[in-house]
Amino acid sequence: MSAKESIKEKIRSRVKPPDHYQVLIYNDDFTPMDFVVEVLMNIFEKEESAAVAMMMSIHKGSCAVAGVYPRDIAQTKAAEAVQWARSEGYPLKVEAVRQP
């Protein structure tokens, strides 16, 4: 292995994959279930049956993971969901948190 290849190999080994973030959707008493299903289908690209099952999980618990993405994508999806909810007058809480 030449010196140039050795340096390239060291540089490659220092690059680590990006951290992933979970997008959490929280239960509340005011956001309609149908709206949560629409958010899951349109923003998080869930099939209708999966979106309904996840909505019920959110409804029965405190929150659920809508998806796991790199930080920028997770933050964008969370912000898009919150903005849509606010435009409809709902207090839906959605946040991106670093995956443990």
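The values are calculated or read from the model by the stated rules, or taken from the named source; none is laboratory data. Not measured: the values here are computed from a predicted model. Cβ sites come from the backbone with ideal geometry, for glycine too, and all protein chains shown count toward neighbours. Ligands, DNA and RNA are stripped out before the accessible areas are found, and what is left, the full protein with its side chains, is counted by its heavy atoms. Shrake-Rupley method; radii C 1.70, N 1.55, O 1.52, S 1.80 Å.
Which of the residues spanning region 45-84 are touching a helix residue (DSSP H, G or I) at 6+ places or on another chain (Cβ under 7 Å), more than 19 Å from PRO18 (Cβ to Cβ) and open to solvent by less than 50 Å² (accessible area, probe 1.4 Å)? Of everything in region 45-84, those that are touching a helix residue (DSSP H, G or I) at 6+ places or on another chain (Cβ under 7 Å), more than 19 Å from PRO18 (Cβ to Cβ) and open to solvent by less than 50 Å² (accessible area, probe 1.4 Å) turn out to be ALA51, MET54, MET55, ILE58, ALA64, ALA81.
The residue pairs whose first member lies in region 81-100 and is assigned to a helix (DSSP H, G or I), whose second member is open to solvent by 40 Å² or more (accessible area, probe 1.4 Å), and whose beta carbons are closer than 8 Å, counting only pairs six or more residues apart or on different chains, are VAL82/LYS93; ALA85/PRO91. Show the residue pairs that are 6+ apart or on different chains and have beta-carbon atoms under 6 Å apart, the first residue being within region 35-48 and under 14 Å from GLN83 (Cα atoms) and at pLDDT 95 or above, the second being of a type outside the set (Phe, Trp, Tyr) and open to solvent by 80 Å² or more (accessible area, probe 1.4 Å). Pairs that qualify, where the first residue is under 14 Å from GLN83 (Cα atoms) and at pLDDT 95 or above and the partner is of a type outside the set (Phe, Trp, Tyr) and open to solvent by 80 Å² or more (accessible area, probe 1.4 Å), are ILE43/GLU80. Applying the set (1) hydrophobic (A, V, I, L, M, F, W, C); (2) surrounded by 12 or more Cβ atoms within 10 Å (Cβ to Cβ); (3) not in a strand (DSSP E or B) to PHE30 leaves exactly one unmet item: (2).
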